[in-house]
Amino acid sequence: MEIPTLPEEEKQKIFTEMWLGSMMGSLGFIMRKLGPEALEELNDEAAKGCATDMKGRGVNDPLQFAMSYGVINKNVFGSDVEVEGTPERAILDTKKCSNLEAALEFAKKGMPITKEQHCSGCIDGYFKRVAKNLGFTLDVEFRDKGCKMTISK
């Protein structure tokens, strides 16, 4: 049998659902079995690792940070994103977050997750920590379908 090649948007949707489902399941397990302190420790360790990786790829200013995540969010997850700014201050504007969209679909199917929980985990549990490890500050404005991150030195 011939294996079909899926359209790009379908591949992104399938990957996003698989990735997010795996993350949510693992984080839920850690919370239940080891508690919130273990989750905090994991988030710190993951952020340090991501920051080290970004430094190794030459990401050393807010605009490069925003572009790096903009490329991933658009091409890997299929989010609608825009980046603007300077090396001192950049904006990653996620107009439609595919990860949030997938999380809300899981919630409709009974997974215990809310928009606020998902977005807090994403921003506070990950993005702010990576930015801090790179010496940046990150502020966020939440929206219905995404968020607007301002990254600065």
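The values are calculated or read from the model by the stated rules, or taken from the named source; none is laboratory data. Note that the structure is predicted; figures quoted are calculated from it, not measured. Here the Cβ positions follow ideal geometry from the backbone for every residue, glycine too, while neighbour counts run over all protein chains shown. Heavy atoms of the whole protein, side chains included, go into the accessibility calculation; ligands, DNA and RNA do not. Shrake-Rupley method; radii C 1.70, N 1.55, O 1.52, S 1.80 Å.
In table form, for the structure just shown:
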item: Filter result for VAL130 (aliphatic (A, V, I, L, M), farther than 22 Å from PHE15 by Cα and surrounded by 13 or more Cβ atoms within 10 Å (Cβ to Cβ)); result: yes
item: Count of region 107-124 residues which are surrounded by 20 or more Cβ atoms within 10 Å (Cβ to Cβ) and more than 17 Å from SER79 (Cα to Cα); result: 0
item: Filter result for the condition that a residue is part of a helix (DSSP H, G or I), touching a helix residue (DSSP H, G or I) at 6+ places or on another chain (Cβ under 6 Å) and open to solvent by less than 60 Å² (accessible area, probe 1.4 Å), over ALA46, ALA51; result: ALA51
item: Tally of residues being within 16 Å of the chain's Cα centre (by Cα) and either modelled with pLDDT under 95 or assigned to a loop (DSSP other than H, G, I, E, B) (or both) across region 59-115; result: 7
item: Qualifying residue in region 139-152 (condition: outside any helix (DSSP H, G or I), over 27 Å from LYS13 (Cβ atoms), open to solvent by 30 Å² or more (accessible area, probe 1.4 Å) and without any contact (Cβ under 8 Å) to a residue 40 or more places away in the chain); result: yes
item: Top-ranked residue in region 57-106 [being in contact (Cβ under 8 Å) with a residue 40 or more places away in the chain and among the basic types (Lys, Arg); ranked as surrounded by the most Cβ atoms within 10 Å (Cβ to Cβ)]; result: ARG89
